């Protein structure tokens, strides 16, 4: 191998390694929502959403690591920058729930739903929170909403409610 081919090989290897690391960091957290960029670039609010996304992604990383207190702080920062960020409220609810802060989780999920009524993730996790609290009628209401939205996660919530009832 010549010196030129070694340097080309090194550059290619480095590029592939960087792409692999970047993809690993960008994978969605399956338990929570993805960052939203649904504010068009030409509209007011786009910049604050982009800034909020930095904290949102940081929250996702903390969630993957099981660091729910740090995750909730990151989502709170995202919301402080963009108070209309439904997905950040939903993920904040998830972080609160994992910390056992169920009342705060419910408030965060409800705010997410107020901002984006068809945010299925917030309905699913609100229903799960209610089921954990043995508030099955409220959990069933969220299940009905998911069914009316034709959401695939309705089956997941239905199963979760069944399991919680059995453990009751």
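Structural remarks
- Within region 58-80, if we keep just the residues that are under 11 Å from the mean Cα position of the chain (by Cα) and surrounded by fewer than 17 Cβ atoms within 10 Å (Cβ to Cβ), the residue that is nearest to residue 100 (Cα to Cα) turns out to be 64.
Here is a yes/no grid of residues against (1) out of contact with any strand residue (DSSP E or B) (no Cβ under 6 Å at 6 or more places or on another chain); (2) assigned by TED's automatic domain parsing to the domain that holds residue 65; (3) closer than 17 Å to residue 59 by Cα; (4) crowded, with 21+ Cβ neighbours inside 10 Å:
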| position | (1), (2), (3), (4) |
| --- | --- |
| 106 | yes, yes, no, no |
| 138 | yes, no, no, no |
| 143 | yes, no, no, yes |
| 155 | yes, no, no, no |
| 167 | yes, no, no, no |
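- Test: residue 68 is in the same structural domain as residue 48 (by TED's automatic domain parsing) and either at pLDDT 95 or above or more than 25 Å from residue 51 (Cβ to Cβ) (or both): yes
Residue by residue, here is whether (1) within 22 Å of residue 65 (Cβ to Cβ); (2) in a loop (DSSP other than H, G, I, E, B) holds:
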site: 83; (1), (2): no, yes
site: 90; (1), (2): yes, no
site: 95; (1), (2): yes, no
site: 114; (1), (2): no, no
site: 121; (1), (2): yes, no
site: 124; (1), (2): no, no
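- Residue within region 142-154 that is at pLDDT 95 or above, closer than 25 Å to residue 76 by Cβ and in a helix (DSSP H, G or I) present: yes
The values are calculated or read from the model by the stated rules, or taken from the named source; none is laboratory data. On a predicted model such as this, the values are computed, not experimentally measured, just so you know. We place every Cβ from the backbone using ideal geometry, glycine too, and count neighbours over all the protein chains shown.
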